[in-house]
Amino acid sequence: MGGVLDFLRTLFSKKQAQDASSAEALRIAFKGRYHAFKLLLNANNRALDVMTEIEKALQGTWPFGMSFVRSRCTRVSTDVFQIVKNMNDLTPGKYDALFGKFKEIQIKINPFVRPKNLSREGPLVIPFHEVDKSMADQVGSKLANLGEISRQLQVNVPRGFAVTAAAYEHFMQSNSLQEEIDSRIQAADVGELDQLYALSASIQQLIIGSPVPDELGMAIMEQFQVLEKEEGRKITVAMRSSALGEDLPGTSFAGQYRSELNVSGEHLLQAYKEIVASKYSLTAMSYRLNRGIRDEDVAMCVGCLRMVNAVSGGVMYSRNPVNIRDDAVLINAIWGLPKSIVDGSSTPDMFLVSRGSPMVIRQKQIALKDQKFVCYPDEGVCRLDMTGEESEKPSLTDEQALALARLAVAVEDHYRTPQDMEWAVAEDGSVVLLQCRPLQQVDKGQEEERGEGETAAGSVLLKGGVTASPGVASGPVYVVRKDVDSLQFPKGAVLVAEQALPRWATLLNRAAAVVTERGSITGHLANVAREFTVPGLFGVKNATNVLKKGRTVTVDAEGRRVYEGRVDELLKREGVPRNLMEGSPVYEALEGASEFIIPLTLLDPDAPTFRVEKCQSFHDITRFCHEKSVHEMFQFGKEHRFPERSSKQLLCDIPMQWWVLNLDDGFSEEEEGKFVRLENIVSIPMLAIWEGITAKPWAGPPPVDGKGLMSVMFEATRNRALVPGLRSNYGDRNYFMISKNYCSLNSRLGFHFSTIETLVSERASENYVSFQFKGGAADFERRYKRVVFIKEILDEYEFRTTIRKDNLIARIEDQDMEYMKGRLKMLGFLTIHTRQLDMIMSNPASMNRYWNEITADILELFQDHKQAAEKQDEV
């Protein structure tokens, strides 16, 4: 008998040792899974954040460039790959097909984000008499237009040659400039003006400091010598930018690039480099960013044209740019070179010529012209002050104005679209066309036109000037006098300046309106203001003295008035600003890539289509992996017969089922059996949520009116299960998955589905709370109003919130432990006390009553939490 007992004792002890060893092995395996699970959740949250960023960018409320597109697509790709990797670490070999699906989707995204390999072949220089409109890809649209007009209409244009896109590519490649520039752009935050300013300066210095390749230098100098031989004398040239994409309809790049006037052969190559460098001027980079134009699409061609020493010059529009129904020709003219008109530093003479046979000068305004620009005899230009009779005399005769108007109509007829032209009157009296491009017109609609005679309620501070860009806007005044002022320019301010200089175009994406003392409708800043639909009023005397910094004003550009304060009567007439990014290459790149990133097609995890091979986007992969990872974590204890790590029912006084799965160290000690006591739980985030859940007893469902009841009954006929779109087998009960610092709550209370995922520790940089709320028994409109109701509460407590249909997503991160515990307590409270509120969301009185009750209770919760935290600190 003793031998049998000894045998049984030995057998039993071996069994205990084997069980202990097996349990320890399972604990180690579980910790490995839990580690992979946490990494997966972190990568999932990061991926969803990037997707939200992409969605916001596509709304067009702020500008972005290709660096944003590439960085966000790369970031989301990296995060989704980490999700796939951690999913396979969690369940080795079970979901290997995810790697193939990830690669398949990535291949579809790549064409939208990879830089285009634009091989630009052809000659380095082309004589201007060979240029026509078919060469826009070689010489840029500006020079192609000018060559076309010269050949087809026999219009007088300067002789010269074009330095081509192939030359630009040769210059950039020979100095390995593009790789360095791309690297600098990628590393900078181009959304911050000070960083963009520093980036612009560094890139321009890089280009100007690089040598012109010998082959290119020789080609330029040879053509210059041919030009001198044709002229039969020493000459100087005007070197003008003609970048690819410049002067196309809707993207004029007006005043963004550099021109060098009266350049001698000795400085030809240096001037070429400076114009190439101007591709990266602050105004040009800001313009491309705001218009969604890719850096790689812009090659800088340069026109070298014989310099015209103008007696007078200016700009003319074949039609009115701010009134699409006015077909009169508008001519601005000034003595000397037209430089001071296009850069907005002078107020010019204005001639308005009616079409017809014969043409008639309908209106003429002769300005007091106090300066003019002329050519130095050898090189360069100088500004001369003007006094006496010349400053008051018209810079054009009536005959010259009519001749220019006929030229404008002829060019418009050729292109079949309104034109913007720069011209000069040479010393021999001939008219020379220097540039032409499509005219950007604004159609405000017949009902919105306002004349100078119309007034609005409000005190008029200033009146007069010219409408450079139509519209009405209000904001605080900000006066800019020098470049450094632009760095502090606040978003939504009214830009006020003495001169309408092109460099102020950098601020137009942030400005509500622009008012200047000098400048005209034909200047570069006016062009860009119309493109950006920013109201502009130019030539307003004494504006910088009357309009003080910080003073709120309303600018009515069409009424040519500036009012004190905000005039709602005028502002309500304005429409919604258009999305300048939409339709641009950058926007289309992000939009194309997002088609394989954002859409979510895997909605129901119980559906037969919820499979790896059905994933069509990165969002589908994240949804699939999140659902399956939760499934695997819950199944681990059951599959491995691991009772001490299985989920246990929480013993509590609340008449609901709450189940807890201890992932690692969420219990102070392990408990036998199927239940766990609250005092045995040490999970910091779970206890904070539970405080909110139990803070105040639920008063039961709100009284439902007849409409609310009918809404529920109708929904029941459509969906008998009344199950939200994101179904899960774990929605029938309320499950906590916990460790000491981690908690995931999947809660199904009636027809309402919510999840809270959170990590709370002493390291604020790791802390996050993610909350989702969806569902309800009422119709969609009431469910939507309920998530808006909750969103507004969460917004008050600094959550970042997003609503997608009737699904609310909220997030907060990087805060200290006490801050996060307070927010979790509030979410626990809302999880209990907002259920069934969708029933009363069509009753404003009931909504208001529940709003007051819930917000008051939450405020009390936070006061209690603060007092408890202070006591804890004292201890």
Would you mind putting 510-522, 141-153, 176-188 in packing order, based on average other-beta-carbon counts within 10 Å, highest first? 510-522, 141-153, 176-188
Using modelled backbone amide H atoms (1.01 Å from N, in-plane), which distant-in-sequence or interchain residues come within less than 5 Å of GLY336's amide H? SER312, GLY313
Positive-end residue, the stretch 72-182 charge dipole about Cα centroid, Cβ charges, pick of SER176, SER77, THR91: THR91
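Can you tell me the length gained on complete extension of the stretch GLN488 to ASP370, counting 0.36 nm per residue apart and subtracting the Cα distance?
Working: separation 118, 0.36 × 118 = 42.48 nm, distance 3.17 nm.
Roughly 39.3 nm would be gained on extension.
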Checked against a 23 Å limit on the C-alpha separation, the offending pairs among LYS482/LYS541; LYS740/LYS774; LYS133/LYS364; LYS56/LYS101; LYS393/LYS541; LYS482/LYS549 are LYS740/LYS774; LYS133/LYS364; LYS56/LYS101
Rounded to 0.05, the calculated FRET efficiency for the beta carbons of SER430 and VAL226 at R₀ = 35 Å is 0.95
Listed highest first by mean packing, meaning other Cβ atoms within 10 Å per residue, what order do 325-338, 422-435 come in? 325-338, 422-435
Excluding residues on the same chain fewer than 8 positions from LYS279, give the lysines whose Cα lies under 18 Å from its Cα. LYS142
Which order, highest average first, do 813-821, 351-359 follow once you tally other Cβ atoms within 10 Å for each residue and take the mean per peptide? 813-821, 351-359
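Bear in mind that the values in this text are calculations on the coordinates, not laboratory data. Just so it is clear, the model here is predicted, and its values are computed rather than measured. Note: ideal-geometry Cβ built from the backbone for every residue, glycine included; neighbour counts use all protein chains shown.
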